[in-house]
Amino acid sequence: MLSHYTFRSLLLLLLVSFCIACEGSKGEAQTPLPDLQALNPVVLQQEGPEIHQFWEFADESGLWETNFTIPAAIQTFRDSLLQAIGPDTLEFMLKRERSVTEKSDLPLDSLDNWQIVHQGYAGRIRDINYLEAQILNYQISRFPLLSHPTEFHGFILNNEKADLIRVYISASDAPFPPKPYAVTDQVDSLTQQDWDLIFHLHNHYRDPEENYLGAMGPSMADTHYFKNLHKRVGLGHALVTNGYTTCVIKPSELPTFNSH
């Protein structure tokens with residue numbers, strides 16, 4: 001049988017352990033992931049709806065997770081897409097854009113870039129992650145993807161020494177993104193210092209007659225841009241997203257794709 005003194009000692013030890021655990025939980029909860037709509041960006045250049053700007057924040061593991069609460073503008077897009085094309089067509093399109101089939105007997109140079117991805121020659125398809133969703137959400141909260149589709153340039157850099165992430169976006173109200181010179185001037189300079197361009201993010205959509213959902217594969221123009229960007233500053237990965245899935249392309253895979 002435990003003595004009164006031993007019982008009190010054990011009780012005190014349990015209480016201290018519980019408090020330490022609580023403090024650890026509080027510490028983790030004190031670092032919320034960034035909400036780009038709630039953060040003030042640093043504006044490099046703006047003319048009407050055309051923006052070139054960036055945000056900077058701590059590098060957290062949650063930025064790269066694919067299990068997260070979908071931001072409001074993306075959820076609205078998803079709900080609207082479901083209404084526009086119906087559940088059966090949406091399910092078919094999602095399966096189509098996630099699919100990787102066996103390689104065909106056709107020569108590689110006869111395939112288009114979408115086929116190159118979906119036959120498993122290059123690129124990898126996964127669910128959209130938190131940071132990609134934040135960037136897409138920011139732009140489609142400005143111009144809804146279904147009714148006013150646009151594409152953007154997103155540049156994601158990290159500074160390992162400072163444990164920081166910097167996200168640039170160049171976007172407008174036009175279907176195609178503006179020339180991102182105001183951003184690339186900074187990217188060129190930063191990559192000569194302690195920063196690395198780890199991702200370039202681009203979004204895709206389709207016309208209504210093709211059921212809206214963007215293709216998981218780079219266009220010829222995308223590939224041309226990715227190749228030049230990698231040659232100039234060293235691109236970690238090229239990303240193409242449609243709000244559900246993201247195609248991830250390594251620099252070593254870029255020569256496999258067709259470009260202008």
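Annotations
- Here the calculated FRET efficiency for D79 and Q45, from their Cβ-Cβ distance with R0 = 51 Å, stands at 0.90, rounded to the nearest 0.05.
- Taking the number of Cβ atoms within 10 Å of each Cβ as an exposure proxy, the fewest-first ranking of E50, E102, E91 is E102, E91, E50.
- For the chain, size of Cβ-based charge dipole, Lys and Arg +1, Asp and Glu -1, in debye: 460
- Pair A162, N228: separation of 7 Å Cα→Cβ label points (nm): 2.8
- Its DSSP H runs of at least 4 residues, each contributing -39,500 (n - 2.57), put the calculated 222 nm mean residue ellipticity of the chain at -12000 deg cm²/dmol, to the nearest 500.
- Annotation: the residues Y205, Y168, Y181, sorted from fewest to most other C-beta atoms within 10 Å of their own C-beta, follow the order Y181, Y205, Y168.
- Difference of contour (0.36 nm per residue) and Cα-Cα distance, L108 to D173: 19.8 nm
- Ranking of K179, K95 by count of other Cβ atoms within 10 Å, fewest first: K95, K179
- Counting Lys and Arg as +1 and Asp and Glu as -1 over every other residue whose Cβ lies under 9 Å from the Cβ of N158, the net charge comes to -3.
No value in this document is a laboratory result; all are computed from the given coordinates. The model shown is predicted, which means the values in this text are computed figures rather than measured ones. Cβ atoms come from the backbone with ideal geometry, glycine included; neighbour counts cover every protein chain shown.
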